[in-house]
1. Given (1) modelled with pLDDT under 90; (2) in contact with a Phe, Trp or Tyr (Cβ under 7 Å, 6 or more places away or on another chain); (3) surrounded by fewer than 22 Cβ atoms within 10 Å (Cβ to Cβ), identify the lone condition not met by L313.
2. Determine which single condition Q270 fails, assuming it passes every other condition in (1) polar (S, T, N, Q); (2) within 15 Å of the chain's Cα centre (by Cα); (3) surrounded by fewer than 21 Cβ atoms within 10 Å (Cβ to Cβ).
3. Return the residues of region 163-189 that are modelled with pLDDT under 80 and touching a Phe, Trp or Tyr at 6+ places or on another chain (Cβ under 7 Å); say none if nothing qualifies.
4. Residues of region 263-291 being of a type in the set (S, T, N, Q), in a helix (DSSP H, G or I) and in contact (Cβ under 8 Å) with a residue 40 or more places away in the chain, which ones?
5. For region 59-85, enumerate the residues that are part of a loop (DSSP other than H, G, I, E, B) and either farther than 15 Å from T220 by Cα or charged (D, E, K, R) (or both).
6. Take the conditions of a type outside the set (S, T, N, Q), modelled with pLDDT under 75 and crowded, with 24+ Cβ neighbours inside 10 Å and apply them to L140. Does it pass?
7. Residue check: is P258 surrounded by fewer than 18 Cβ atoms within 10 Å (Cβ to Cβ), in contact (Cβ under 8 Å) with a residue 40 or more places away in the chain and not in a helix (DSSP H, G or I)?
8. Restricting attention to region 243-262, does a residue exist that is over 20 Å from L78 (Cα atoms) and among the hydroxyl-bearing types (S, T, Y)?
Amino acid sequence: MKDLLIPFATGITIFLFGLQLMRMGFEELAGDRLQQWLLRFTETPLRSFLTGIFSTALLQSSSAVTVITISFVDVGLLTFTQSIGIILGTNIGTTVTTEILALNIEDFSLPLILLGIAFYFLPWKHISSTSFVLIGFGCLFFGMETMQWLAYPLKERGWIDWLMNQNTSPVLSGVLAGTLLTAIIQSSSATIAIVMSFYSSGIITLPFAIAAVFGSNIGTCVTGLLATFQTKTAAKQVAIANLVLNIAGVIGFAPLIPIMSDFAPTLSNQPAQQIAHIQTLFNLICSLVVLPFANQFAKSIMYLVPNPSISTLRKKAG
């Protein structure tokens, strides 16, 4: 088991540490402006949508932006309807990390870390903040490279083959695996990095990899659901809306995975880039389909998760 646990624990720890460093660096560079943007540029679904994309790309975490949005809705700074555009935007913003990871620049991980360390000791604040971003990027690539060491022992033990052959289709296994892993490690980017590493190493098939990526979108909703503990109904509606959007997207696209598997090689000849581009297309299409109907979707969620006071009034009126 050591040949599996040590590379996985080491790789995922370095990867998540890199994500955290990047987030810290971007937060320092942005200062209080991120919260100001969230509060200011949300008057329409389109502006909320663009704000969600930009904020998520900046923080490198859709979960973080979702939790911030939930907290703003809970205290009344944002309405639930305003949050829908932000949630749709986070699904696209999170693909920025994936596309960067797919560039296959692992050889630059050590130079990035060393450059970041050098920047840290410079006296200018913005330069030292950039050091966290550079070190973070270096750790991301180094973590992915470390997780690729799992390929040989997993092939030898046949565990992945067993997982993919538990039912007639690898799609269901992939969705469940992606959902569960993301819910456990609380990072869809880390899950997709693992999927990229495994697919690039040839230990999982492309349909299984795509399904796991789709499942990671569901798993990342767990963070938002946990954040709604002891919050008002409007905040809970944000988390439920995020969950419903991602589940609906997976249900809609799951039957198309065989077609997407045939189409993916036309996007790139690099396995990691195929996964990244498919995820980007999936999130982009799902968000753009719902965006014109953001207000109607919000009303449907409010009907599904009604405010207790409104429910009481309806009962009395009935």
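1. Unmet for L313, out of (1) modelled with pLDDT under 90; (2) in contact with a Phe, Trp or Tyr (Cβ under 7 Å, 6 or more places away or on another chain); (3) surrounded by fewer than 22 Cβ atoms within 10 Å (Cβ to Cβ): (2).
2. (2)
3. M164, P170
4. Quick first cut of region 263-291, residues of a type in the set (S, T, N, Q) only: 266, 268-270, 273-274, 279-280, 283, 287.
Applying the additional criterion that residues be in a helix (DSSP H, G or I) yields 266, 273-274, 279-280, 283, 287.
Q273, Q274, Q279, T280, N283, S287, listed by residue number.
5. If we filter region 59-85 for residues that are part of a loop (DSSP other than H, G, I, E, B), which is where we start, we get 60-61, 75-79.
The answer is V75, G76, L77, L78, T79.
6. Numbers: of a type outside the set (S, T, N, Q): yes; modelled with pLDDT under 75: yes; crowded, with 24+ Cβ neighbours inside 10 Å: yes.
Taking the combined requirement at face value, the residue satisfies it.
7. Values: surrounded by fewer than 18 Cβ atoms within 10 Å (Cβ to Cβ): yes; in contact (Cβ under 8 Å) with a residue 40 or more places away in the chain: yes; not in a helix (DSSP H, G or I): no.
No: the conditions fail for P258.
8. For region 243-262, residues over 20 Å from L78 (Cα atoms) and among the hydroxyl-bearing types (S, T, Y): present.
The values are calculated or read from the model by the stated rules, or taken from the named source; none is laboratory data. All figures in this text were calculated on a predicted structure; none of them were measured in a lab. Methodologically, a virtual Cβ is constructed for each residue, glycine included, from the backbone with ideal geometry; neighbour enumeration extends over all protein chains shown.
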